[in-house]
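The values are calculated or read from the model by the stated rules, or taken from the named source; none is laboratory data. Quick caveat, the model's predicted, so the values are computed rather than measured. Here the Cβ positions follow ideal geometry from the backbone for every residue, glycine too, while neighbour counts run over all protein chains shown.
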Amino acid sequence: MNTIFSASIEISLSELIKDLPNKRIVGNPETPIQGIAYDSRQVDKGFLFAAIRGQHLDGHQFITDAINRGASAVLAEKPTPPAPPLLKGGIGGVTQVIVPDVREAMAKLAALFYGEPCKNMTLIGVTGTNGKTTTTYLAESILKAAGFHAGVIGTINYRYGDKIFNAPHTTPESPDLQKIFKEMVDSGVTHCVMEVSSHSLAQKRVDGSIFAGGVFTNLTQDHLDYHKTMEEYFESKSRLFTDFIAKENKGFAVINVDDLWGEKLLNLKFKISNLKFIRYSLKQDAEIHPAKISFSERGIEAMLDTPVGSVKISSPLLGEYNLQNSMAAVGIGIGLGLGKQTIEQGIANLKRVPGRLERIISDDGFQAVVDYAHTGDALERALNTLRPLTKGRLITVFGCGGDRDRGKRPVMGEIATRLSDFTIITSDNPRSEEPLEIIKEIEAGIDKGDRDVYTVMPDRHEAIKIAVNMAAGRDIILVAGKGHEDYQIIGDKKFHFDDTEEIKKAMKQNAQGLRFKVQGTK
(Lines give C-alpha, C1' and ligand atoms only; values in the text may rest on other atoms or scores of the structure.)
Protein backbone atom coordinates (compact mmCIF):
# COMPACT_ATOMS: atom_id res chain seq x y z
CA MET A 1 0.00 0.00 0.00
CA ASN A 2 1.38 3.43 -0.86
CA THR A 3 1.67 6.08 1.82
CA ILE A 4 -1.66 7.90 1.66
CA PHE A 5 -1.40 10.07 4.74
CA SER A 6 1.33 12.40 5.94
CA ALA A 7 2.44 12.70 9.53
CA SER A 8 5.27 14.69 11.11
CA ILE A 9 6.49 12.43 13.91
CA GLU A 10 9.92 11.76 15.39
CA ILE A 11 10.74 9.44 18.27
CA SER A 12 13.99 7.91 19.43
CA LEU A 13 14.44 4.24 18.67
CA SER A 14 15.19 3.52 22.35
CA GLU A 15 11.85 5.05 23.39
CA LEU A 16 10.02 3.16 20.67
CA ILE A 17 11.42 -0.26 21.57
CA LYS A 18 11.77 0.08 25.35
CA ASP A 19 8.92 -2.34 26.09
CA LEU A 20 9.61 -4.71 23.20
CA PRO A 21 10.45 -8.15 24.65
CA ASN A 22 13.19 -10.53 23.47
CA LYS A 23 15.05 -7.92 21.44
CA ARG A 24 18.73 -7.56 20.64
CA ILE A 25 20.15 -4.20 19.57
CA VAL A 26 23.12 -3.88 17.25
CA GLY A 27 24.23 -0.25 16.93
CA ASN A 28 23.07 3.06 18.37
CA PRO A 29 19.67 2.80 20.12
CA GLU A 30 19.28 6.60 20.26
CA THR A 31 18.86 7.05 16.52
CA PRO A 32 15.72 9.10 15.70
CA ILE A 33 12.86 7.38 13.84
CA GLN A 34 10.64 9.41 11.52
CA GLY A 35 8.58 6.65 9.93
CA ILE A 36 8.03 2.89 9.66
CA ALA A 37 7.93 0.99 6.35
CA TYR A 38 7.73 -2.69 5.42
CA ASP A 39 8.28 -2.04 1.69
CA SER A 40 11.80 -0.82 0.92
CA ARG A 41 10.42 1.35 -1.91
CA GLN A 42 8.48 3.37 0.70
CA VAL A 43 11.51 4.03 2.89
CA ASP A 44 12.60 7.63 3.40
CA LYS A 45 15.32 9.27 5.47
CA GLY A 46 15.15 8.35 9.16
CA PHE A 47 12.75 5.40 8.67
CA LEU A 48 12.69 2.08 10.48
CA PHE A 49 12.53 -0.68 7.88
CA ALA A 50 10.71 -3.84 9.00
CA ALA A 51 11.97 -6.88 7.09
CA ILE A 52 8.79 -8.98 7.09
CA ARG A 53 8.58 -12.42 5.51
CA GLY A 54 5.78 -12.62 2.94
CA GLN A 55 4.29 -15.53 1.02
CA HIS A 56 6.57 -14.94 -1.95
CA LEU A 57 9.31 -12.52 -0.84
CA ASP A 58 11.47 -12.11 2.24
CA GLY A 59 12.02 -8.53 3.40
CA HIS A 60 15.50 -9.43 4.60
CA GLN A 61 16.50 -9.50 0.93
CA PHE A 62 15.67 -5.77 0.65
CA ILE A 63 17.56 -4.43 3.68
CA THR A 64 20.32 -3.14 1.41
CA ASP A 65 17.82 -1.21 -0.70
CA ALA A 66 16.11 0.21 2.41
CA ILE A 67 19.41 1.47 3.83
CA ASN A 68 20.40 3.05 0.53
CA ARG A 69 17.04 4.86 0.57
CA GLY A 70 17.75 6.37 3.98
CA ALA A 71 16.66 3.88 6.64
CA SER A 72 18.29 4.66 9.98
CA ALA A 73 17.23 1.39 11.63
CA VAL A 74 16.23 -2.11 10.62
CA LEU A 75 13.83 -4.49 12.36
CA ALA A 76 14.80 -8.04 11.45
CA GLU A 77 14.85 -11.64 12.61
CA LYS A 78 18.54 -12.09 11.88
CA PRO A 79 21.44 -9.60 11.86
CA THR A 80 22.82 -8.31 8.58
CA PRO A 81 26.64 -8.26 8.49
CA PRO A 82 28.58 -5.29 7.07
CA ALA A 83 28.77 -5.37 3.28
CA PRO A 84 30.75 -2.30 2.09
CA PRO A 85 30.55 -3.12 -1.62
CA LEU A 86 26.75 -3.02 -1.46
CA LEU A 87 25.99 -0.43 1.18
CA LYS A 88 26.99 3.18 1.60
CA GLY A 89 29.53 2.72 4.36
CA GLY A 90 28.21 -0.76 5.21
CA ILE A 91 25.60 -1.58 7.85
CA GLY A 92 27.72 0.00 10.59
CA GLY A 93 25.82 3.29 10.64
CA VAL A 94 22.41 1.67 10.75
CA THR A 95 20.98 0.26 13.98
CA GLN A 96 19.56 -3.24 13.89
CA VAL A 97 16.83 -4.49 16.21
CA ILE A 98 16.73 -8.28 16.14
CA VAL A 99 13.46 -9.92 17.26
CA PRO A 100 11.89 -13.41 17.01
CA ASP A 101 8.85 -12.19 15.00
CA VAL A 102 9.13 -9.05 12.86
CA ARG A 103 5.39 -8.86 12.10
CA GLU A 104 4.41 -8.95 15.75
CA ALA A 105 7.05 -6.39 16.71
CA MET A 106 6.22 -4.13 13.76
CA ALA A 107 2.55 -3.99 14.75
CA LYS A 108 3.34 -3.03 18.33
CA LEU A 109 5.91 -0.43 17.29
CA ALA A 110 3.53 1.06 14.72
CA ALA A 111 0.86 1.56 17.38
CA LEU A 112 3.39 3.26 19.68
CA PHE A 113 4.86 5.38 16.88
CA TYR A 114 1.42 6.82 16.06
CA GLY A 115 0.56 7.43 19.72
CA GLU A 116 -1.72 4.41 20.28
CA PRO A 117 -4.67 6.04 18.50
CA CYS A 118 -7.10 3.23 19.41
CA LYS A 119 -7.08 4.55 22.96
CA ASN A 120 -8.69 7.75 21.72
CA MET A 121 -11.62 6.28 19.79
CA THR A 122 -14.03 3.36 19.98
CA LEU A 123 -13.00 0.54 17.63
CA ILE A 124 -15.37 -2.27 16.60
CA GLY A 125 -14.19 -5.26 14.56
CA VAL A 126 -16.32 -7.40 12.24
CA THR A 127 -14.98 -10.80 11.18
CA GLY A 128 -16.41 -13.82 9.37
CA THR A 129 -16.47 -15.20 5.83
CA ASN A 130 -19.59 -13.43 4.57
CA GLY A 131 -21.52 -10.34 5.60
CA LYS A 132 -18.64 -8.25 6.94
CA THR A 133 -19.00 -5.38 4.48
CA THR A 134 -22.77 -4.99 4.78
CA THR A 135 -22.55 -5.21 8.57
CA THR A 136 -19.96 -2.41 8.66
CA TYR A 137 -22.14 -0.22 6.41
CA LEU A 138 -25.14 -0.81 8.69
CA ALA A 139 -23.07 -0.14 11.82
CA GLU A 140 -21.69 3.06 10.27
CA SER A 141 -25.24 4.23 9.57
CA ILE A 142 -26.28 3.52 13.17
CA LEU A 143 -23.24 5.40 14.51
CA LYS A 144 -24.08 8.41 12.34
CA ALA A 145 -27.70 8.30 13.51
CA ALA A 146 -26.34 8.48 17.07
CA GLY A 147 -24.44 11.66 16.18
CA PHE A 148 -20.98 10.09 16.28
CA HIS A 149 -18.20 10.82 13.81
CA ALA A 150 -17.67 7.42 12.19
CA GLY A 151 -14.84 5.90 10.20
CA VAL A 152 -14.81 2.61 8.28
CA ILE A 153 -11.99 0.32 7.18
CA GLY A 154 -13.13 -2.44 4.87
CA THR A 155 -13.11 -4.34 1.60
CA ILE A 156 -14.65 -1.59 -0.52
CA ASN A 157 -12.69 1.39 0.82
CA TYR A 158 -11.36 3.21 3.87
CA ARG A 159 -13.42 6.29 4.70
CA TYR A 160 -14.14 8.96 7.28
CA GLY A 161 -15.60 12.45 7.04
CA ASP A 162 -15.44 13.41 3.39
CA LYS A 163 -12.34 11.32 2.68
CA ILE A 164 -12.45 8.02 0.79
CA PHE A 165 -9.44 5.88 -0.11
CA ASN A 166 -9.19 2.72 -2.18
CA ALA A 167 -8.69 -0.47 -0.18
CA PRO A 168 -5.83 -2.64 -1.50
CA HIS A 169 -6.46 -5.02 1.43
CA THR A 170 -9.57 -5.60 3.55
CA THR A 171 -7.39 -4.95 6.61
CA PRO A 172 -4.20 -2.91 5.99
CA GLU A 173 -0.72 -3.85 7.16
CA SER A 174 -0.07 -2.62 10.70
CA PRO A 175 1.91 0.60 9.92
CA ASP A 176 -0.75 1.66 7.40
CA LEU A 177 -3.53 0.71 9.78
CA GLN A 178 -2.15 2.67 12.73
CA LYS A 179 -1.46 5.63 10.46
CA ILE A 180 -5.10 5.60 9.31
CA PHE A 181 -6.25 5.36 12.94
CA LYS A 182 -4.16 8.40 13.83
CA GLU A 183 -5.53 10.42 10.92
CA MET A 184 -9.06 9.44 11.94
CA VAL A 185 -8.49 10.56 15.53
CA ASP A 186 -6.86 13.80 14.38
CA SER A 187 -9.90 14.44 12.16
CA GLY A 188 -12.37 13.99 15.00
CA VAL A 189 -13.48 10.40 14.41
CA THR A 190 -15.00 9.01 17.60
CA HIS A 191 -15.92 5.51 16.41
CA CYS A 192 -14.38 3.23 13.78
CA VAL A 193 -15.89 -0.01 12.51
CA MET A 194 -13.47 -2.29 10.72
CA GLU A 195 -13.60 -5.51 8.74
CA VAL A 196 -10.99 -7.80 10.26
CA SER A 197 -9.83 -10.45 7.80
CA SER A 198 -8.45 -13.85 8.73
CA HIS A 199 -5.21 -13.00 6.91
CA SER A 200 -4.76 -9.88 9.04
CA LEU A 201 -5.29 -11.83 12.26
CA ALA A 202 -2.92 -14.61 11.19
CA GLN A 203 -0.32 -12.06 10.04
CA LYS A 204 -0.67 -9.98 13.23
CA ARG A 205 -1.64 -6.79 11.37
CA VAL A 206 -4.06 -5.76 14.14
CA ASP A 207 -1.65 -6.49 17.01
CA GLY A 208 -1.36 -3.32 19.06
CA SER A 209 -5.01 -2.40 18.42
CA ILE A 210 -7.66 -2.29 21.14
CA PHE A 211 -11.27 -3.16 20.25
CA ALA A 212 -14.34 -2.22 22.26
CA GLY A 213 -16.29 -5.05 20.67
CA GLY A 214 -16.41 -7.53 17.84
CA VAL A 215 -18.86 -9.36 15.56
CA PHE A 216 -18.62 -12.93 14.27
CA THR A 217 -20.89 -13.35 11.23
CA ASN A 218 -20.17 -16.92 10.08
CA LEU A 219 -17.45 -19.21 8.78
CA THR A 220 -17.68 -21.07 5.48
CA GLN A 221 -15.11 -22.47 3.08
CA ASP A 222 -12.77 -19.79 1.77
CA HIS A 223 -9.06 -18.96 1.85
CA LEU A 224 -8.06 -22.59 2.34
CA ASP A 225 -5.21 -21.95 -0.08
CA TYR A 226 -3.76 -19.93 2.82
CA HIS A 227 -5.13 -21.45 6.03
CA LYS A 228 -5.12 -25.10 4.81
CA THR A 229 -7.92 -26.27 7.16
CA MET A 230 -11.20 -24.88 8.47
CA GLU A 231 -9.86 -25.29 12.01
CA GLU A 232 -6.86 -23.11 11.21
CA TYR A 233 -9.17 -20.59 9.51
CA PHE A 234 -11.37 -20.50 12.63
CA GLU A 235 -8.38 -20.14 14.93
CA SER A 236 -7.31 -17.00 13.05
CA LYS A 237 -10.82 -15.52 13.22
CA SER A 238 -11.18 -16.26 16.93
CA ARG A 239 -8.09 -14.17 17.77
CA LEU A 240 -10.22 -11.03 17.46
CA PHE A 241 -12.17 -12.16 20.52
CA THR A 242 -9.47 -13.90 22.54
CA ASP A 243 -6.65 -11.36 22.02
CA PHE A 244 -7.90 -7.89 21.15
CA ILE A 245 -11.20 -6.93 22.74
CA ALA A 246 -10.62 -4.81 25.84
CA LYS A 247 -11.78 -7.21 28.53
CA GLU A 248 -11.08 -4.82 31.39
CA ASN A 249 -13.55 -2.33 29.92
CA LYS A 250 -16.35 -4.88 29.53
CA GLY A 251 -15.97 -5.36 25.81
CA PHE A 252 -18.72 -7.12 23.88
CA ALA A 253 -18.94 -9.98 21.40
CA VAL A 254 -21.85 -10.22 18.94
CA ILE A 255 -22.05 -13.80 17.68
CA ASN A 256 -24.20 -15.54 15.05
CA VAL A 257 -25.20 -18.74 16.83
CA ASP A 258 -26.98 -20.14 13.76
CA ASP A 259 -23.45 -20.86 12.54
CA LEU A 260 -21.78 -23.92 14.08
CA TRP A 261 -18.48 -22.03 14.27
CA GLY A 262 -20.27 -19.29 16.20
CA GLU A 263 -21.31 -21.89 18.76
CA LYS A 264 -17.71 -23.07 18.87
CA LEU A 265 -16.57 -19.51 19.54
CA LEU A 266 -18.95 -19.33 22.49
CA ASN A 267 -17.28 -22.46 23.85
CA LEU A 268 -14.02 -20.50 24.16
CA LYS A 269 -15.51 -18.69 27.15
CA PHE A 270 -12.57 -19.73 29.29
CA LYS A 271 -10.49 -17.39 27.12
CA ILE A 272 -13.07 -14.61 26.73
CA SER A 273 -15.06 -14.92 29.95
CA ASN A 274 -14.98 -11.18 30.71
CA LEU A 275 -16.82 -10.21 27.52
CA LYS A 276 -20.50 -9.36 27.27
CA PHE A 277 -22.03 -11.86 24.85
CA ILE A 278 -24.83 -10.79 22.51
CA ARG A 279 -26.04 -13.73 20.46
CA TYR A 280 -28.20 -13.35 17.37
CA SER A 281 -30.18 -15.99 15.55
CA LEU A 282 -32.97 -16.52 13.04
CA LYS A 283 -33.87 -19.83 14.65
CA GLN A 284 -33.05 -19.73 18.35
CA ASP A 285 -34.22 -17.76 21.37
CA ALA A 286 -31.00 -15.71 21.43
CA GLU A 287 -30.57 -12.19 22.81
CA ILE A 288 -31.50 -10.90 19.34
CA HIS A 289 -34.02 -12.86 17.29
CA PRO A 290 -36.97 -12.05 14.99
CA ALA A 291 -40.54 -12.06 16.26
CA LYS A 292 -41.99 -11.16 12.83
CA ILE A 293 -40.40 -11.23 9.35
CA SER A 294 -41.52 -10.15 5.89
CA PHE A 295 -39.28 -10.34 2.81
CA SER A 296 -40.20 -8.81 -0.54
CA GLU A 297 -38.58 -7.21 -3.57
CA ARG A 298 -38.88 -3.92 -1.66
CA GLY A 299 -36.66 -5.21 1.15
CA ILE A 300 -37.05 -6.37 4.74
CA GLU A 301 -39.72 -5.61 7.33
CA ALA A 302 -39.20 -7.29 10.69
CA MET A 303 -39.58 -6.94 14.43
CA LEU A 304 -36.73 -8.15 16.60
CA ASP A 305 -36.84 -9.17 20.24
CA THR A 306 -33.72 -7.68 21.86
CA PRO A 307 -32.38 -6.82 25.34
CA VAL A 308 -33.55 -3.21 24.79
CA GLY A 309 -37.07 -4.17 23.71
CA SER A 310 -38.66 -4.63 20.29
CA VAL A 311 -36.58 -3.19 17.45
CA LYS A 312 -38.16 -2.55 14.07
CA ILE A 313 -36.18 -3.40 10.95
CA SER A 314 -37.29 -1.54 7.84
CA SER A 315 -34.64 -1.85 5.15
CA PRO A 316 -34.44 -1.84 1.34
CA LEU A 317 -31.73 -4.52 1.55
CA LEU A 318 -32.84 -7.92 0.34
CA GLY A 319 -33.30 -11.27 1.96
CA GLU A 320 -32.62 -13.43 4.96
CA TYR A 321 -28.89 -12.95 5.18
CA ASN A 322 -29.30 -9.16 5.15
CA LEU A 323 -31.64 -9.63 8.09
CA GLN A 324 -28.76 -11.50 9.75
CA ASN A 325 -26.43 -8.62 8.91
CA SER A 326 -28.97 -6.19 10.35
CA MET A 327 -29.16 -8.23 13.56
CA ALA A 328 -25.38 -8.11 13.82
CA ALA A 329 -25.46 -4.31 13.47
CA VAL A 330 -28.25 -4.12 16.06
CA GLY A 331 -25.94 -6.10 18.36
CA ILE A 332 -23.22 -3.49 17.87
CA GLY A 333 -25.67 -0.73 18.78
CA ILE A 334 -26.74 -2.57 21.91
CA GLY A 335 -23.13 -3.32 22.84
CA LEU A 336 -22.40 0.41 22.65
CA GLY A 337 -25.44 1.25 24.80
CA LEU A 338 -27.42 3.01 22.07
CA GLY A 339 -31.20 3.45 22.21
CA LYS A 340 -33.49 1.41 20.02
CA GLN A 341 -34.84 4.43 18.11
CA THR A 342 -31.30 5.37 17.08
CA ILE A 343 -30.65 1.79 15.99
CA GLU A 344 -33.90 1.66 13.98
CA GLN A 345 -33.15 4.96 12.27
CA GLY A 346 -29.63 3.87 11.36
CA ILE A 347 -30.86 0.63 9.76
CA ALA A 348 -33.56 2.47 7.78
CA ASN A 349 -31.14 5.15 6.58
CA LEU A 350 -28.90 2.74 4.67
CA LYS A 351 -30.28 2.47 1.13
CA ARG A 352 -27.57 0.42 -0.62
CA VAL A 353 -24.23 -1.32 -0.23
CA PRO A 354 -22.07 -1.26 -3.39
CA GLY A 355 -21.90 -4.67 -5.04
CA ARG A 356 -23.96 -6.41 -2.35
CA LEU A 357 -27.23 -7.60 -3.94
CA GLU A 358 -27.24 -4.31 -5.83
CA ARG A 359 -30.13 -4.10 -8.29
CA ILE A 360 -30.19 -2.71 -11.83
CA ILE A 361 -33.63 -2.58 -13.46
CA SER A 362 -33.98 -2.72 -17.25
CA ASP A 363 -36.54 -0.95 -19.41
CA ASP A 364 -37.74 -4.41 -20.49
CA GLY A 365 -38.93 -5.28 -16.99
CA PHE A 366 -36.23 -7.74 -15.94
CA GLN A 367 -33.55 -6.86 -13.43
CA ALA A 368 -29.92 -7.75 -12.78
CA VAL A 369 -28.36 -8.08 -9.36
CA VAL A 370 -24.63 -7.65 -8.72
CA ASP A 371 -23.22 -9.44 -5.70
CA TYR A 372 -19.77 -10.12 -4.30
CA ALA A 373 -20.65 -13.78 -3.60
CA HIS A 374 -17.39 -15.64 -4.24
CA THR A 375 -17.83 -18.63 -1.93
CA GLY A 376 -20.29 -21.51 -2.10
CA ASP A 377 -22.16 -20.35 0.97
CA ALA A 378 -22.44 -16.75 -0.26
CA LEU A 379 -23.62 -17.87 -3.70
CA GLU A 380 -26.22 -20.16 -2.15
CA ARG A 381 -27.46 -17.38 0.11
CA ALA A 382 -27.74 -14.95 -2.80
CA LEU A 383 -29.66 -17.42 -4.96
CA ASN A 384 -31.96 -18.43 -2.11
CA THR A 385 -32.66 -14.74 -1.51
CA LEU A 386 -33.52 -14.08 -5.15
CA ARG A 387 -35.51 -17.26 -5.86
CA PRO A 388 -38.74 -16.24 -4.06
CA LEU A 389 -38.50 -12.79 -5.68
CA THR A 390 -38.16 -14.25 -9.20
CA LYS A 391 -41.40 -14.48 -11.19
CA GLY A 392 -39.62 -15.56 -14.38
CA ARG A 393 -36.23 -17.28 -14.74
CA LEU A 394 -33.23 -16.93 -12.44
CA ILE A 395 -30.08 -16.66 -14.58
CA THR A 396 -26.65 -16.77 -12.92
CA VAL A 397 -23.30 -15.54 -14.25
CA PHE A 398 -20.27 -16.45 -12.16
CA GLY A 399 -16.68 -17.68 -12.15
CA CYS A 400 -13.95 -18.46 -9.63
CA GLY A 401 -10.71 -16.59 -9.03
CA GLY A 402 -7.40 -18.06 -10.10
CA ASP A 403 -4.56 -18.73 -7.64
CA ARG A 404 -7.10 -19.06 -4.84
CA ASP A 405 -8.87 -21.86 -2.97
CA ARG A 406 -9.57 -24.47 -5.67
CA GLY A 407 -11.75 -26.64 -3.42
CA LYS A 408 -14.71 -24.27 -3.66
CA ARG A 409 -14.89 -24.39 -7.48
CA PRO A 410 -16.92 -27.61 -7.94
CA VAL A 411 -19.02 -26.67 -4.91
CA MET A 412 -20.01 -23.38 -6.55
CA GLY A 413 -20.71 -25.13 -9.84
CA GLU A 414 -23.13 -27.51 -8.13
CA ILE A 415 -24.88 -24.71 -6.22
CA ALA A 416 -25.27 -22.43 -9.24
CA THR A 417 -26.78 -25.06 -11.52
CA ARG A 418 -29.02 -26.51 -8.81
CA LEU A 419 -30.51 -23.19 -7.72
CA SER A 420 -30.61 -21.31 -11.07
CA ASP A 421 -32.77 -21.88 -14.11
CA PHE A 422 -29.74 -21.24 -16.30
CA THR A 423 -26.07 -20.64 -15.51
CA ILE A 424 -23.30 -19.02 -17.52
CA ILE A 425 -19.87 -20.04 -16.21
CA THR A 426 -17.26 -17.41 -16.94
CA SER A 427 -14.00 -15.94 -15.61
CA ASP A 428 -13.59 -14.00 -12.40
CA ASN A 429 -9.97 -12.90 -11.88
CA PRO A 430 -8.09 -15.79 -13.52
CA ARG A 431 -4.71 -14.34 -12.57
CA SER A 432 -1.96 -16.78 -13.60
CA GLU A 433 -4.29 -19.71 -14.30
CA GLU A 434 -5.84 -20.63 -17.62
CA PRO A 435 -9.53 -19.60 -17.53
CA LEU A 436 -10.74 -22.82 -19.17
CA GLU A 437 -8.88 -24.92 -16.59
CA ILE A 438 -10.63 -23.05 -13.78
CA ILE A 439 -13.96 -23.58 -15.54
CA LYS A 440 -13.29 -27.32 -15.89
CA GLU A 441 -12.88 -27.54 -12.12
CA ILE A 442 -16.19 -25.68 -11.67
CA GLU A 443 -17.89 -28.09 -14.11
CA ALA A 444 -16.60 -31.08 -12.14
CA GLY A 445 -19.21 -30.32 -9.47
CA ILE A 446 -22.16 -30.22 -11.87
CA ASP A 447 -24.42 -33.26 -12.01
CA LYS A 448 -24.42 -34.89 -15.44
CA GLY A 449 -28.17 -34.52 -15.55
CA ASP A 450 -27.78 -30.74 -15.32
CA ARG A 451 -25.44 -30.32 -18.28
CA ASP A 452 -28.19 -28.74 -20.40
CA VAL A 453 -28.84 -25.90 -17.92
CA TYR A 454 -25.56 -24.09 -18.30
CA THR A 455 -23.11 -22.81 -20.85
CA VAL A 456 -19.50 -21.66 -20.77
CA MET A 457 -18.24 -18.26 -21.89
CA PRO A 458 -14.75 -17.46 -20.52
CA ASP A 459 -14.97 -13.80 -21.58
CA ARG A 460 -16.87 -12.13 -18.73
CA HIS A 461 -17.89 -9.19 -20.93
CA GLU A 462 -19.55 -11.58 -23.40
CA ALA A 463 -21.03 -13.71 -20.62
CA ILE A 464 -22.89 -10.71 -19.20
CA LYS A 465 -24.12 -9.74 -22.67
CA ILE A 466 -25.44 -13.27 -23.18
CA ALA A 467 -27.34 -13.15 -19.88
CA VAL A 468 -28.88 -9.78 -20.66
CA ASN A 469 -29.71 -10.94 -24.16
CA MET A 470 -31.53 -13.98 -22.74
CA ALA A 471 -33.50 -12.11 -20.08
CA ALA A 472 -37.04 -10.88 -20.51
CA GLY A 473 -40.20 -10.18 -18.59
CA ARG A 474 -39.73 -10.79 -14.89
CA ASP A 475 -36.44 -12.66 -15.09
CA ILE A 476 -33.64 -11.89 -12.64
CA ILE A 477 -29.94 -12.12 -13.53
CA LEU A 478 -27.42 -12.64 -10.74
CA VAL A 479 -23.88 -11.60 -11.68
CA ALA A 480 -21.78 -12.94 -8.83
CA GLY A 481 -18.21 -12.92 -7.61
CA LYS A 482 -16.81 -9.43 -8.13
CA GLY A 483 -19.39 -7.11 -6.63
CA HIS A 484 -17.88 -3.67 -6.08
CA GLU A 485 -14.59 -4.49 -7.84
CA ASP A 486 -13.88 -2.35 -10.88
CA TYR A 487 -11.07 -4.45 -12.32
CA GLN A 488 -10.21 -7.87 -13.67
CA ILE A 489 -6.80 -9.53 -13.26
CA ILE A 490 -5.68 -11.61 -16.22
CA GLY A 491 -2.14 -12.95 -16.02
CA ASP A 492 -0.12 -10.28 -14.24
CA LYS A 493 -2.14 -7.40 -15.71
CA LYS A 494 -5.04 -5.52 -14.15
CA PHE A 495 -7.75 -4.20 -16.48
CA HIS A 496 -10.72 -1.95 -15.77
CA PHE A 497 -13.86 -4.07 -15.53
CA ASP A 498 -17.05 -3.26 -13.66
CA ASP A 499 -19.97 -5.72 -13.65
CA THR A 500 -22.48 -2.92 -13.10
CA GLU A 501 -21.14 -0.93 -16.05
CA GLU A 502 -21.17 -4.01 -18.29
CA ILE A 503 -24.78 -4.81 -17.36
CA LYS A 504 -25.92 -1.25 -18.07
CA LYS A 505 -24.14 -1.23 -21.45
CA ALA A 506 -25.79 -4.51 -22.43
CA MET A 507 -29.21 -3.26 -21.30
CA LYS A 508 -28.73 -0.10 -23.34
CA GLN A 509 -27.89 -2.15 -26.43
CA ASN A 510 -31.06 -4.19 -25.95
CA ALA A 511 -33.13 -1.02 -25.54
CA GLN A 512 -31.71 0.18 -28.85
CA GLY A 513 -32.73 -3.06 -30.53
CA LEU A 514 -29.17 -4.30 -30.76
CA ARG A 515 -29.75 -7.81 -29.47
CA PHE A 516 -27.15 -10.08 -30.95
CA LYS A 517 -26.75 -13.68 -31.89
CA VAL A 518 -25.01 -15.67 -29.17
CA GLN A 519 -21.76 -17.10 -30.54
CA GLY A 520 -18.84 -19.01 -29.13
CA THR A 521 -20.69 -20.59 -26.23
CA LYS A 522 -20.38 -24.19 -25.24
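Couple of notes before you dig in:
- Sole residue being within 19 Å of the chain's Cα centre (by Cα), crowded, with 20+ Cβ neighbours inside 10 Å and in contact (Cβ under 8 Å) with a residue 60 or more places away in the chain, chosen from 371, 405: 371
- Residue within region 269-289 that is over 19 Å from residue 253 (Cα atoms), hydrophobic (A, V, I, L, M, F, W, C) and outside the structural domain of residue 370 (by TED's automatic domain parsing) present: no
- Scanning region 144-167 for residues that are among the polar types (S, T, N, Q) and touching a residue at least 12 places away in the same chain (Cβ under 8 Å) gives a single hit, 155.
- Tally, over region 495-522, of residues that are modelled with pLDDT under 95, among the charged types (D, E, K, R) and either out of contact with any helix residue (DSSP H, G or I) (no Cβ under 7 Å at 6 or more places or on another chain) or outside any loop (DSSP other than H, G, I, E, B) (or both): 3
- The condition of being in contact (Cβ under 8 Å) with a residue 40 or more places away in the chain, assigned to a helix (DSSP H, G or I) and within 18 Å of the chain's Cα centre (by Cα) holds for only one of 111, 139, that being 139.
- Index of the failed condition, residue 296 passing every other in (1) surrounded by fewer than 23 Cβ atoms within 10 Å (Cβ to Cβ); (2) closer than 30 Å to residue 369 by Cα; (3) under 24 Å from the mean Cα position of the chain (by Cα); (4) at pLDDT below 95: (3)
- Restricting attention to region 19-62, the residues being assigned to a strand (DSSP E or B) and under 30 Å from the mean Cα position of the chain (by Cα) number 9.
- Residue 387 vs. criteria closer than 17 Å to residue 155 by Cβ, out of contact with any Lys or Arg (no Cβ under 6 Å at 6 or more places or on another chain) and surrounded by fewer than 21 Cβ atoms within 10 Å (Cβ to Cβ): no
- Look at (1) part of a helix (DSSP H, G or I); (2) crowded, with 24+ Cβ neighbours inside 10 Å; (3) in contact with a Leu (Cβ under 7 Å, 6 or more places away or on another chain) and you find that residue 181 fails only one, number (3).
- Region 119-142, residues that are more than 16 Å from residue 321 (Cα to Cα), in contact with a helix residue (DSSP H, G or I) (Cβ under 7 Å, 6 or more places away or on another chain) and surrounded by 24 or more Cβ atoms within 10 Å (Cβ to Cβ): 124, 125, 142
- Only listed residue being assigned to a helix (DSSP H, G or I), surrounded by fewer than 20 Cβ atoms within 10 Å (Cβ to Cβ) and of a type outside the set (Lys, Arg), chosen from 364, 377, 452: 452
- Condition check for residue 127: under 19 Å from residue 485 (Cβ atoms), within 12 Å of the chain's Cα centre (by Cα) and of a type in the set (Ser, Thr, Tyr): no
- Any hit, region 461-469, residues being of a type in the set (Lys, Arg), under 21 Å from residue 376 (Cα atoms) and either surrounded by 15 or more Cβ atoms within 10 Å (Cβ to Cβ) or outside the structural domain of residue 372 (by TED's automatic domain parsing) (or both): no
- Candidate set: region 303-318, residues that are surrounded by 18 or more Cβ atoms within 10 Å (Cβ to Cβ) and within 15 Å of residue 281 (Cα to Cα); chosen: the one nearest to the chain's Cα centre (by Cα): 313
- The requirement of being of a type in the set (Asp, Glu), outside the structural domain of residue 129 (by TED's automatic domain parsing), in a helix (DSSP H, G or I) and farther than 18 Å from residue 499 by Cα is fulfilled nowhere in region 389-412; no residue meets it.
- Selection status of residue 370, farther than 20 Å from residue 128 by Cα, in contact with a helix residue (DSSP H, G or I) (Cβ under 6 Å, 6 or more places away or on another chain) and either of a type in the set (A, V, I, L, M, F, W, C) or not assigned by TED's automatic domain parsing to the domain that holds residue 312 (or both): yes
- Qualifying residue in region 148-162 (condition: part of a loop (DSSP other than H, G, I, E, B) and among the β-branched types (Val, Ile, Thr)): yes
- Single condition residue 383 does not satisfy, out of (1) at pLDDT below 95; (2) closer than 26 Å to residue 452 by Cβ: (1)
- If you check 170, 190 for being among the β-branched types (Val, Ile, Thr), surrounded by fewer than 23 Cβ atoms within 10 Å (Cβ to Cβ) and either without any contact (Cβ under 8 Å) to a residue 40 or more places away in the chain or not assigned by TED's automatic domain parsing to the domain that holds residue 276 (or both), only one passes: 170.
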